[in-house]
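So the structure is just underneath, and the comments pick up after that.
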Amino acid sequence: MDPLALGAVVAVSTIFVLFSGVSVALGLLIVSTGFLMIFDGMRSLELLPEILFGKLDNFALLSIPMFIIMGSSIASTRAGADLYEALERWLTRVPGGLVISNLGACALFAAMSGSSPATCAAIGKMGIPEMRKRGYPDGVAAGSIAAGGTLGILIPPSVTMIVYGIATETSIGRLFLAGVIPGLLLVALFMAWSLYSTWKSGDRALLASGSYTWQEKFEILPRVVPFLLIILGVLYAMYGGVATPSETAAVGALLCLLIAMLIYKLWNPKDLWVVLRDSTRESVMILFIIAAAGVFSYMLSSLFITQSIAAWIGTLDVNPWVLMGAVNIFLLIAGFFLPPVAVILMAAPILLPIITTAGFDPIWFAVILTINMEIGLISPPVGLNLYVINGIAPDISLKTILTGSLPFVACMVLAIILLCVFPGLATWLPDAVMGTAL
């Protein structure tokens, strides 16, 4: 069978299997094993264990469970509430300070936890009731938190970026730096829309917050600053040449656990067990997907599907930006139904040769891909963040949350356009800190 036609059959089969309800990792293994047995015979099964475990034999993978433990230890405390409260107290004189506090807290908590659902839950529990109490529209209150939570997969340290780096053999350090400026750009766009939407509602009183004494402003800082210092320390260790991402992640996880125990009195063994249990569960899920995606990639390469697609794209007389537009549409649709890690691991083996053949930077493309995955987090039918917000504010209808999130989707699309027009927004900082990539 022609490899391109076979690729179409594989794509349809994969979609069918994943929509049957099996887990992503198991679905990829079923598809991979089935096609290898059909076209390479039973002898291909001898290689599967070696490929499966060989994909996990990577020191960089150690950073995934470490960063997850780091985020879980933070999410299990009042750090999110304290961070929100600290920003609210310090931004009280800024017009629209409350909504800015929420989005700022989302950005910082996302950097600390690396988890979008955790960010929505931690900041939303405090921020949404407070905004509604002061008269902010429900759509702005819910939509801003849902969108702010998506920053967890873009602002470093990001597990999604680590997975992309491993899947494409790209520098994780460069990927982390590439997400900084686009992440800040998204925060600025989110804040701008939130302030405009609030101003448009016609109630100028919403743009004013309460007042706090200097004592109230300073008394909360000791509970927030240590976590922020850990994040800065982790980033400095990576980019200062002190340690590898895996080593810094391990130290960061240990320090976050210690601070959670010392500042938030997380002494109860049951609470510590919950942190480690949940972290282990999430880590195993991600690592299983990575291993299964390795087998899936081997199957695509063994059957010459990846090579044929790349060669076919190279023969097309198509403007590269038209091609990139088609890739973005594909990523958007995939992000509507699948989690970011699964999309990256499934699509990277196919898309990377295509984008490099078209002359695009893989570091820049990582940011484009991640923002597309962010859109998926606040878009139906899956839209994980929408359901998290609905869970913590059940009296706000899912329709209102979705309607409030749509303008933030437009902000993300605008960010993608700006990155296409000014790719240096993603590539300048990595080149400035780590030198131009060869």
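The values are calculated or read from the model by the stated rules, or taken from the named source; none is laboratory data. Everything numeric in this text was worked out from a predicted model, so none of it was measured. Heads up, the Cβs are rebuilt from the backbone with ideal geometry, glycines too, and the neighbour counts pull from every protein chain shown.
Among the residues here, Gly391 does not qualify as more than 23 Å from Ala192 (Cα to Cα) and part of a loop (DSSP other than H, G, I, E, B). For region 245-277, a residue qualifies if it is within 28 Å of Thr170 (Cα to Cα) and surrounded by fewer than 16 Cβ atoms within 10 Å (Cβ to Cβ), and exactly one does: Leu254. Just one residue in the set Leu352, Leu369 is under 29 Å from Gln307 (Cα atoms), in contact with a Phe, Trp or Tyr (Cβ under 9 Å, 6 or more places away or on another chain) and modelled with pLDDT under 85; that residue is Leu352. Would you mind stating whether Pro394 is free of Cβ contacts under 8 Å to residues at least 24 places away in the same chain, surrounded by fewer than 20 Cβ atoms within 10 Å (Cβ to Cβ) and more than 19 Å from Leu177 (Cβ to Cβ)? Considered against the rule, which asks whether it is free of Cβ contacts under 8 Å to residues at least 24 places away in the same chain, surrounded by fewer than 20 Cβ atoms within 10 Å (Cβ to Cβ) and more than 19 Å from Leu177 (Cβ to Cβ), Pro394 comes out as yes.
The rows are residues; the columns are (1) assigned to a helix (DSSP H, G or I); (2) touching a helix residue (DSSP H, G or I) at 6+ places or on another chain (Cβ under 8 Å); (3) without any contact (Cβ under 8 Å) to a residue 60 or more places away in the chain; (4) not β-branched (Val, Ile, Thr).
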{"position": "Ser13", "(1), (2), (3), (4)": "yes, yes, yes, yes"}
{"position": "Val31", "(1), (2), (3), (4)": "yes, yes, no, no"}
{"position": "Glu88", "(1), (2), (3), (4)": "yes, yes, no, yes"}
{"position": "Ile100", "(1), (2), (3), (4)": "yes, yes, no, no"}
{"position": "Ala105", "(1), (2), (3), (4)": "yes, yes, yes, yes"}
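Please go through region 269-304 and pick out each residue that is of a type in the set (D, E, K, R) and outside any helix (DSSP H, G or I). Let's see the steps before the verdict.
Quick first cut of region 269-304, residues of a type in the set (D, E, K, R) only: 270-271, 277-278, 281-282.
Matches in region 269-304: none.
Consider region 351-371 and keep the residues that are of a type in the set (S, T, N, Q) and over 13 Å from Phe176 (Cα atoms). The one that is surrounded by the fewest Cβ atoms within 10 Å (Cβ to Cβ) is Thr356.
In region 402-424, the residues that are within 28 Å of Val388 (Cβ to Cβ) reach residues that are of a type in the set (Val, Ile, Thr) and at pLDDT 90 or above with C-beta atoms within less than 8 angstrom, at least six apart or across chains, in these pairs: Met412/Ile371; Ala415/Ile371; Ile416/Ile368; Ile416/Ile371; Leu419/Val367; Leu419/Ile368; Leu419/Ile371.
Within region 79-122, track down each residue that is touching an Asp or Glu at 6+ places or on another chain (Cβ under 9 Å), at pLDDT below 75 and not polar (S, T, N, Q). Answer for region 79-122, where residues must be touching an Asp or Glu at 6+ places or on another chain (Cβ under 9 Å), at pLDDT below 75 and not polar (S, T, N, Q): Tyr84, Glu88, Arg89, Gly97, Leu98. The number of residues in region 146-184 being hydrophobic (A, V, I, L, M, F, W, C) and in a loop (DSSP other than H, G, I, E, B) comes to 2. Report yes if Leu287 is within 18 Å of the chain's Cα centre (by Cα) and on the phi < 0 side of the Ramachandran plot, otherwise no. So Leu287 passes the test. Close contacts from region 36-54, counting a first residue that is exposed (fewer than 15 other Cβ atoms within 10 Å of the Cβ) and a second that is among the polar types (S, T, N, Q), with Cβ to Cβ under 8 Å and a gap of 6+ residues or different chains, come to Met37/Ser44; Asp40/Ser302; Leu45/Thr33.
Does any residue in region 214-228 that is more than 9 Å from Arg89 (Cα to Cα) come within less than 8 Å, Cβ to Cβ, of a residue that is in a helix (DSSP H, G or I) and of a type in the set (Val, Ile, Thr) six or more places away or on a different chain, and which pairs are these? Partner pairs satisfying both residue conditions: Pro222/Ile263; Arg223/Ile263; Pro226/Ile259; Pro226/Ile263; Phe227/Ile74; Phe227/Ile259.
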